[in-house]
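Asks: So that we are looking at the same thing, I have put the structure below in structure tokens.
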Amino acid sequence: MNQSQVLAYLSQHGAMLDADGDVVLANGESQQELSFEQDGHAVLTQFVLLKVHGDDAESFLQGQFSSDVKLLDGSVAQWSSYSNAKGRMQASFLLWRIEQTFFLLLRKDIAEAFRRRLSMFVLRAKVKVEVVDSVIVGEYLAAAETGRPAFEPALAGTAEHAVVSIGEQIRITCLGADEAAALPQFAGKLLASRLFDAFFIRAGIPWVSQATYEAFVPQMANLDLIGGISFRKGCYPGQEIVARTQYLGKVKRRMFVVEVNADECTAGMDVQVEATGEQAIGKVMLSVPLAAKKYLALVVMQISAWEGQPYLAGVPHSQLLRLEAPYLIPDLQEG
């Protein structure tokens, strides 16, 4: 799918690409206007699709990622992550397999650094890590009942037209360069690309970006709660730290869906409470503006800090309100 086709599609729907390559509404309509009661779709320019292929691809990735790559059978996708030796995530992504090729959906601002790093460890293995020339579209289906958990993504289609369903309400379509000349019909009205992140936030799906690079171990971002960590597979970078966190101690930080009332709220901002002074007790993972001085965000923070009144560091009068989690957070229930 070439750039001119995408631009034509955006123009037909009153949208354009901004200087960062993200989709914005050309008529100036506020990105803050979002309803969870209406269908919508977005060209997800904040994401990149990578593919890993070659005779040794499965065994290579099994030794790199936190999930059990061998369970991918062409009908499901899985959440996964890649960490440094200290267990800190350098990337989190949606992973699936079609025949002998593995596909990874991850944030654009970390994609090239991650591709280069993963390629460093290929050595003599028969593996290639490449960027896929693709158009990525997310759909939100408001009326759908959430019968399938978000941690069991279903896969359908081909390498040139793959569709991953995340629960019943989020669907991601990845169209290859050789697919049809025109984009197919998608649900609802076209949204700004960054606005679609609100649906990921509401579903409790963590995406590591440049702002949160090496900030969290996988459990802090709830990857163990959505099937993104296998505790039965062999070694991978950071596995010792991840396993130790699981079996030898309680997870003291978790990721929460939060409403933030503040003048600003962006990924990477620190969270504090008065009891600990200037010491950060958390960090914003992902944030979307919903209205003036109102944001929907994923925040990783100390569970015990909810006993105080958490706020954003350097943002006067900011307030964080914990919303209902889309899945059970056991550490919160215990404490």
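Asks: How big is the charge dipole of the chain about its Cα centre, in debye rounded to the nearest 20, if each Lys and Arg gets +1 on its Cβ and each Asp and Glu gets -1 on its Cβ? If you can, show how the numbers build up before the last one.
Replies: Values: 29 positive and 38 negative charges, 210 e Å.
With Lys and Arg at +1 and Asp and Glu at -1, about 1000 debye.
Asks: Report ³J(HN,Hα) in whole Hz for each residue of the stretch 14-22, in order, from the Karplus equation J = 6.51 cos²θ - 1.76 cosθ + 1.60 where θ = phi - 60°; Gly and Pro get x.
Replies: Coupling constants for the stretch 14-22: x, 9, 7, 8, 8, 5, 8, x, 9 Hz.
Asks: A further question on this structure: What residues have an amide H closer than 5 Å to that of S83, excluding those fewer than 5 places away on the same chain, when H is modeled at 1.01 Å from N in the peptide plane?
Replies: Q90
Asks: Which loop trypsin sites (Lys or Arg not before Pro) in the stretch 4-108, with loop taken from DSSP, have no more than 15 other Cβ atoms within 10 angstrom of their Cβ?
Replies: Those satisfying the criteria are K86.
Asks: Which value in Å is the Kirkwood Rh of the chain over different Cα pairs?
Replies: 20.5 Å
Asks: Provide the FRET efficiency to the nearest 0.05 for the D55-S35 pair, computing r from the beta carbons and using R0 = 45 Å.
Replies: 0.40
Asks: Choose one of P218, Y236, L320: the residue whose Cα lies farthest towards the positive end of the charge dipole of the stretch 210-334 (beta-carbon charges +1 Lys, Arg; -1 Asp, Glu; about the Cα centre).
Replies: Y236
Asks: At most 12 other Cβ atoms within 10 Å and a DSSP loop assignment: could you name the chymotrypsin sites (Phe, Trp or Tyr not before Pro) in the stretch 160-235 that fit?
Replies: Sites meeting the loop and neighbour criteria: F231.
Asks: Taking the Cα centre of the stretch 210-334 as origin, sum charge times position over the Cβ atoms of Lys and Arg (+1) and Asp and Glu (-1), and report the length of that vector in debye to the nearest 20.
Replies: Details: 11 positive and 13 negative charges, 82 e Å.
Taking the Cα centre of the stretch 210-334 as origin, the dipole is about 400 debye.
Asks: Arrange the following residues from fewest to most other Cβ atoms within 10 Å of their Cβ: L34, L191.
Replies: Listing L34, L191 from fewest to most nearby Cβ atoms yields L34, L191.
Asks: Continuing with the same structure: Taking amide H positions as placed in the peptide plane 1.01 Å from N, state which residues far from D39 in sequence (5 or more) or on other chains have amide H under 5 Å from it.
Replies: A142
Asks: Separation of the stretch 212-286 and the stretch 288-303 by C-alpha centroid, Å?
Replies: Taking the Cα centre of each part, the stretch 212-286 and the stretch 288-303 sit 15 Å apart.
Asks: Mind putting a number on the dipole of the stretch 3-202 about its Cα centre? Charges go on the C-beta only, +1 for Lys and Arg and -1 for Asp and Glu, and I need it in Debye to the nearest 20. Before the final figure, lay out the partial values.
Replies: Working: 18 positive and 25 negative charges, 176 e Å.
For the stretch 3-202, the charge dipole is close to 840 debye.
Asks: Given the rule -39500 (n - 2.57) for each run of at least 4 DSSP H residues, summed and divided by the residues of the chain, what is its mean residue ellipticity at 222 nm, to the nearest 500 deg cm²/dmol?
Replies: Taking each H run of at least 4 residues, the total per residue is -4000 deg cm²/dmol.
Asks: On to the next question. What list of ³J(HN,Hα) couplings, whole Hz, do you get for the stretch 153-165 from phi and the Karplus terms 6.51, -1.76, 1.60, once you set θ to phi - 60° and write x for glycine and proline?
Replies: x, 9, 10, 9, x, 10, 5, 8, 8, 9, 10, 10, 9
Bear in mind these aren't lab numbers, they're just calculated from the coordinates by the rules spelled out. Being a predicted model, the structure only gives us computed values, none of them experimental. Note that each Cβ is placed from the backbone with ideal geometry, even for glycine, and that neighbours are counted across all protein chains shown.
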